[in-house]
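Undergrad: Below you will find the structure I want to go over with you.
The values are calculated or read from the model by the stated rules, or taken from the named source; none is laboratory data. Since this is a predicted model, take the numbers as computed values, not measurements. Note that we place each Cβ from the backbone using ideal geometry, even for glycine, and neighbour counts take in every protein chain shown.
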Amino acid sequence: MPAVLINPPAARLGSACAIVHGNTRRYEMRGVRAPLSLKTVVRGSAEWVTEAGRFELTPGTLLVVNDGEEYSIGVDALQPVETFCVFFARGFVEDAWHAATRSSAALLEDDSRPPVVIRERLQFAGALLQGMTAAHARAGRDAALDASMYELASLVVRASCDVDARAASLPVLRSSTRHELTRRLGMATELMHTALDRPLTIPEIAREACLSPFHFHRLFTAFTGETPHRYLRRLRLERARAMLRGGGRSVVEVAQSCGFESPTSFSAAFARHFGAPPRSFVNSQE
């Protein structure tokens, strides 16, 4: 693999794995099309707008942008905002997926590389976010970064394989039907990830999947192990915790930004989920 590029021009993205590390108070770029990439914010907040929707990132939040998807980024803050993004070489993650999911014999017989598409755009915890934190630390020490790229690609593949494993649990027999239902549930999941700041109803989400509300509820629960309501509530609360840790916002502002009807209902739900009130997480790294 070619050496990892550091802050290359946009035209070089995709030719090799790259890190784009920014630190600025104001920045805007529109109409970007790049390979599969991972976006994080180390300090402050920044906004990415993709074909799927709008995402405001704060520390402790990771966004996946799929290959070829057009997006824009904007930073407008009083204090410098530090962003850290990884762009994979085109075919790099696909090759990792192929190697992880095929036997040696199959690798020799079938050289196809289907695109890897991630529908669960936002990550608030877990191995992938930890991998990005480790890559950021390595970049700061000028350590060898190629190992980080392989580790991160493997973690993306693991997330994709987890979707395949969950698809196998769907109560259908034909593989073609299972593939189509997985695609539709993925579209619904993506909608939930892009609408954490506004109310969503089960019928609205089900329409995105072209399923009846009852059929969607049953399949989504089988697919994720959570009801749609619990899944969406967990995402909202995890986003709220990340925003509180980032600082600069009151509990009332965070509650509104995460789609809760009132600060009171938000505080009660937050305390039940995390075992502590929202105020205890303000500017906290725990």
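Undergrad: Give the residues of the range 11-32 that are outside any loop (DSSP other than H, G, I, E, B) and buried (at least 17 other Cβ atoms within 10 Å of the Cβ), sorted by residue number.
TA: Selection gives Leu13, Ala16, Ala18, Ile19, Val20, Gly22.
Undergrad: Could you list, in sequence order, all residues of the range 146-200 that are more than 30 Å from Ala18 (Cα to Cα), exposed (fewer than 13 other Cβ atoms within 10 Å of the Cβ) and of a type in the set (D, E, K, R)?
TA: Matches in the range 146-200: Arg174, Arg198.
Undergrad: Looking at (1) assigned to a loop (DSSP other than H, G, I, E, B); (2) under 15 Å from the mean Cα position of the chain (by Cα); (3) closer than 25 Å to Leu145 by Cβ, find the lone condition where Pro8 falls short.
TA: Pro8 satisfies every listed condition except (2).
Undergrad: Still on this structure: Inside the range 56-76, can you point out the residues that are in contact with a Ser or Thr (Cβ under 7 Å, 6 or more places away or on another chain) and of a type in the set (A, V, I, L, M, F, W, C)?
TA: Leu57, Leu62, Val65, Val75
Undergrad: Across the range 122-165, which residue is nearest to Thr83 (Cα to Cα) among those that are free of Cβ contacts under 8 Å to residues at least 12 places away in the same chain and of a type in the set (Lys, Arg)?
TA: Arg138
Undergrad: Further question: Looking at (1) of a type in the set (A, V, I, L, M, F, W, C); (2) assigned to a strand (DSSP E or B); (3) in contact with a helix residue (DSSP H, G or I) (Cβ under 7 Å, 6 or more places away or on another chain), find the lone condition where Ala52 falls short.
TA: Here Ala52 meets the rest and fails (2).
Undergrad: Tally time: how many residues in the range 186-216 are without any contact (Cβ under 8 Å) to a residue 60 or more places away in the chain and either out of contact with any helix residue (DSSP H, G or I) (no Cβ under 6 Å at 6 or more places or on another chain) or at positive phi (or both)?
TA: Total meeting the criteria: 9.
Undergrad: Among the candidates Glu208, Glu190, single out the residue that is closer than 27 Å to Arg241 by Cα and within 21 Å of the chain's Cα centre (by Cα).
TA: Glu190
Undergrad: I need a count of the residues in the range 210-225 that are assigned to a loop (DSSP other than H, G, I, E, B) and either of a type in the set (Phe, Trp, Tyr) or at pLDDT below 95 (or both).
TA: Summing the residues that are assigned to a loop (DSSP other than H, G, I, E, B) and either of a type in the set (Phe, Trp, Tyr) or at pLDDT below 95 (or both) in the range 210-225 gives 1.
Undergrad: Now, a different point. Is it true that some residue in the range 67-75 is under 18 Å from the mean Cα position of the chain (by Cα), closer than 21 Å to Arg245 by Cβ, assigned by TED's automatic domain parsing to the domain that holds Phe124 and aromatic (Phe, Trp, Tyr)?
TA: Within the range 67-75 (the criterion being under 18 Å from the mean Cα position of the chain (by Cα), closer than 21 Å to Arg245 by Cβ, assigned by TED's automatic domain parsing to the domain that holds Phe124 and aromatic (Phe, Trp, Tyr)), the answer is no, since none of the residues qualifies.
Undergrad: Residues being farther than 22 Å from Arg236 by Cβ, part of a helix (DSSP H, G or I) and at pLDDT below 85: count how many of those fall in the range 154-175.
TA: Final tally of qualifying residues: 6.
Undergrad: From the set of residues in the range 74-93 that are of a type in the set (Val, Ile, Thr) and touching a Lys or Arg at 6+ places or on another chain (Cβ under 8 Å), which is nearest to Glu47 (Cα to Cα)?
TA: Val75
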